[in-house]
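Before any comments, here is the structure.
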Amino acid sequence: MSTDRMHDVTALQKRLQQQGYIAEQSLSATLLLMTEMGRPLLLEGEAGVGKTEIAKVLARVHDTRLIRLQCYEGLDAHSALYEWNYQRQLLAIKLLENDTRPMADKEQDIFSERYLLKRPLLDAITSSTAPVLLIDEIDRADEAFEAYLMELLSDFQISIPELGTITALARPIVILTSNGTRELSDALRRRCLYQYVDYPNFDKELLIVETRMPDAPARLARQVVEFVQSLRQMDLQKKPGIAETLDWAAALLRLGVSSFDDDGIARIMDSLSALVKTREDRASLTRSVVEKIAAAC
């Protein structure tokens with residue numbers, strides 16, 4: 001990579017950090033390539049590693065709107081693209097009963113953009129300024145929707161039978177996320193740049209806590225991160241993500257804990273609701289287990 005390109009990557013890293021997101025050089029380079037090449041980016045990784053946050057902070061960096069499509073089982077094209085405002089159309093039909101114009105002209109009025117309810121995909125391609133389009137948890141949608149989505153990502157245009165083809169006014173910055181609950185098609189992967197987002201190492205997670213919570217005592221920040229890093233090595237149903245790390249640090253501060261050294265085990269136990277999110281995981285963190293982990297921090 002040339003010196004100029006390295007400078008661009010470093011500059012983007014700094015802009016991301018100014019917005020509260022700590023990104024490695026590889027991720028920053030991929031985000032730069034995504035915007036310069038006009039390609040979608042597929043972010044894959046465990047839940048809680050910060051994939052969605054990347055889209056949010058990127059919208060702030062580019063000073064543009066974030067449009068989010070949350071995927072789920074059974075999501076169809078109409079829910080993601082557009083729907084007609086049937087109530088307003090019925091009212092318009094009633095008002096047009098005495099209109100003497102030809103039926104074709106009346107239909108053109110009824111099926112116009114004023115009666116169109118824009119869902120995230122249509123909203124994204126009709127924006128005059130390129131937004132960040134977040135297609136979140138694409139692996140939760142079924143293969144039929146994934147296939148439909150590929151056409152949009154290739155041509156950035158949508159066909160609406162009553163209106164014709166609508167082409168993007170400004171190509172959106174598209175980020176797709178996947179938690180890996182099902183395998184995505186090779187066709188979708190080919191259309192995207194790719195980045196795997198893993199849990200942060202100790203140094204990165206500590207920097208995240210220090211950046212997002214500058215008022216936290218340095219000793220507590222290190223202990224919190226060491227504790228969470230240790231939990232991720234355990235056989236838990238749901239490993240704590242970065243959001244849980246930040247929530248737990250905030251909870252400890254609210255309970256007056258400035259470090260684990262000051263007989264804070266009782267407060268640590270009281271605050272675990274911010275860190276572990278299943279009944280089984282909470283049951284596995286007995287006082288003795290927590291004392292052992294905290295003593296090593």
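For segment 118-146, residues that are in a loop (DSSP other than H, G, I, E, B), over 17 Å from L41 (Cα atoms) and charged (D, E, K, R) total 2.
Inside segment 66-80, residues that are surrounded by 14 or more Cβ atoms within 10 Å (Cβ to Cβ) and either part of a helix (DSSP H, G or I) or basic (K, R) (or both) make up a count of 4. Restricted to segment 147-244, the set of helices (runs of 4 or more DSSP H) holding at least 3 residues that are crowded, with 19+ Cβ neighbours inside 10 Å and out of contact with any Asp or Glu (no Cβ under 7 Å at 6 or more places or on another chain) comprises 202-212, 218-231.
Considering only residues in segment 115-134 that are out of contact with any helix residue (DSSP H, G or I) (no Cβ under 7 Å at 6 or more places or on another chain) and β-branched (V, I, T), the one that is farthest from A55 (Cα to Cα) turns out to be T126. Figure legend. Inter-residue proximity from segment 183-200: first residues in contact (Cβ under 8 Å) with a residue 24 or more places away in the chain and closer than 21 Å to L32 by Cα, second residues outside any helix (DSSP H, G or I) and basic (K, R), beta-carbon distance below 7 Å, spacing 6+ or different chains. Indicated pairs: C192/R39; L193/R39.
If you filter segment 7-65 down to residues that are in a loop (DSSP other than H, G, I, E, B) and among the β-branched types (V, I, T), you find that the one that is modelled with the highest pLDDT is T64. For segment 15-29, the set of residues classified as within 18 Å of the chain's Cα centre (by Cα) and buried (at least 19 other Cβ atoms within 10 Å of the Cβ) consists of L16, Y21, I22, A23, L27, S28, listed by residue number. Here G48 meets the list (1) out of contact with any Gly (no Cβ under 6 Å at 6 or more places or on another chain); (2) buried (at least 16 other Cβ atoms within 10 Å of the Cβ) almost entirely, failing just condition (1).
The values are calculated or read from the model by the stated rules, or taken from the named source; none is laboratory data. Here the structure is a predicted model, which means the values were calculated and not measured. Neighbour counts run over all protein chains shown; Cβ positions are idealised from the backbone, glycine included.
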